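Structure, as structure tokens:
Here, each number is a calculation from the coordinates, and none is a lab measurement. No experiment lies behind these values; they were computed from the predicted model shown. For neighbour counting, all protein chains shown are included, and Cβ atoms are generated from backbone atoms with ideal geometry for every residue, glycine included.
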Amino acid sequence: MRIEQLEVKNFRCLEDISINFPDNNIAVIVGINGAGKTTILDCLKIVLSSIINQLIQLEIKKDFVLQDIIGSLTIIEQDEIHYTAESSQLDAVIKENDEHTITVLCTAKILEEDNSESTTSNITGVNYIEQYSQDSYQNFPLFVYYHDRPIDYYHNKHRKQIKQYTKPLKIYFDKQQLNIYRGCMQADLDDFYEFTQWFERKENFEKERRISENPNYRISSLEAVRKTFEKLLSNLTSIPFSDLRIVSNSRDRVFPFRRRIPNPTLVISKDNQDFKLDQLSSGEKRLLMLATDLARRLAIANPGLGENAWQGEGIVLIDEIDLHLHPQWQRRVLPALTKTFPNCQFIVTTHSPQVLSEVPKESVFILEDGKLIEYSPHTIGRDSNSILYEIFGVKERPEWSQQKIDDCLRLIDDENWNEAREALEELSNLFGNNDTAVVQAQTIFHFMED
């Protein structure tokens, strides 16, 4: 399953945009801050929420916080509508295969009589969607949106703010696979709470079965998570990561009466040394969470795939995929994800030229002032400076440094040798003797002086 096309009219900063997503399951949206990158992902979130709502066929009560709400018919708030427009519209085509296509049309309109809002959601292909709910052996598609905004961003302005230490109630469904849609449109790569709780429950059951019945017993969903995160990280770095597991606080074992709330800790072996989750770098934690959470959701959605849950289908939205990652990992992260999850479509935003250097031009969408730029330069395999300039509009050097280089070259051209020599010395002190501009200026200076 993949999103084939998205059309947006009068939504936030986007007036009229149409995107045809490529077949290679990668789409990267770029632009300056405020250009509309995250808005595109939020549009897709609304579209996917409508499909999820159809999948679960569940009446959501209004007193649940928005993190708990899977999908609601009131999908577009009035303040999202473009200020010059009377209505807002999202139209998406989602293709399962050559035989089945789902079309989603979401419309919000301001009513003149009381300035209220009328919202509708129309989905064609409903009969096909309902097969997921009726067929107990059907593998479910994965939808997930990873972002870095606080949960309060998603709360209705009339709701009370939830304190950080509170955890919202969770909705559980009789059909186990449907639980992958709980909070899937507000997934947070900095929050390991839900994954840790799930992993601990599964691992405890696995240990009990090993002791009581079979020492070789393995839960397929756990094995899928273990193998998937190792596979993803092996595609990023030569440092081996392995043996993801849960350990209890040692003080709780010595003083069990102190234990009030279970406090499981994720531990991982890195280069044959054990590290707690908090001891890993921000980039390592982010990728660990991305790999394990995707694998967990795919394992739940595709029980028939067992340890091969990574083969499951899904649509994954990631805002600022380069966040906290070393430039080398920024370059490798998308190839690693598509290699690890070959049947998932990844739609991401980024400010990193390293990310784009591994992406073909047909997968790059440039936004400027809420509009899609038709011309897209080549990106794959190119150097970061070229991508910075042609895609992001950032020059190779700061203006002040380029001005000093130009001044030095002008002194050389004027054969003002004393001042040129002083300017060269200043450039060497600022940029170093190995800087390409310094080397070039020194070469020209010595050639012309002789």
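Given axes a ≥ b ≥ c from the Cα gyration tensor, I'd like to know whether the stretch 189-310 is rounded (a/c under 1.5), prolate (a/b larger than b/c) or oblate. In terms of gyration-tensor shape, oblate.
Between the stretch 377-407 and the stretch 408-424, the C-alpha centres lie 25 angstrom from each other. For GluC sites (Glu not before Pro), the sites in the stretch 189-225 that DSSP calls loop and that have at most 13 other Cβ atoms within 10 Å are GLU213. Over all other residues within a Cβ to Cβ distance under 9 Å of SER221, the charged ones net out to 0, with Lys and Arg as +1 and Asp and Glu as -1. Residues whose amide H falls under 5 Å from that of PHE21, counting only those 5 or more places apart or on a different chain, are GLN5, LEU6, with hydrogens built in the peptide plane. Of the residues SER234, LEU189, PHE205, the one whose Cα sits farthest towards the positive end of the charge dipole of the stretch 189-310 is PHE205 (charges of +1 on Lys and Arg Cβ, -1 on Asp and Glu Cβ, taken about the Cα centre).
Counting only Cβ charges, +1 for Lys and Arg and -1 for Asp and Glu, the dipole size of the stretch 399-449 around its Cα centre is about 160 debye. Taking the Cα centre of the stretch 189-310 as origin and assigning +1 to Lys and Arg Cβ atoms and -1 to Asp and Glu Cβ atoms, the resulting dipole is close to 320 debye. Counting Lys and Arg as +1 and Asp and Glu as -1 over every other residue whose Cβ lies under 13 Å from the Cβ of CYS344, the net charge comes to +1.
Note down the net charge around PHE21, summing +1 for each Lys or Arg and -1 for each Asp or Glu among other residues with Cβ under 13 Å from its Cβ. Around PHE21, the charge tally is -2.
Once you reduce the stretch 199-222 and the stretch 259-309 to the center of their Cα atoms, the two points are 16 Å from each other.
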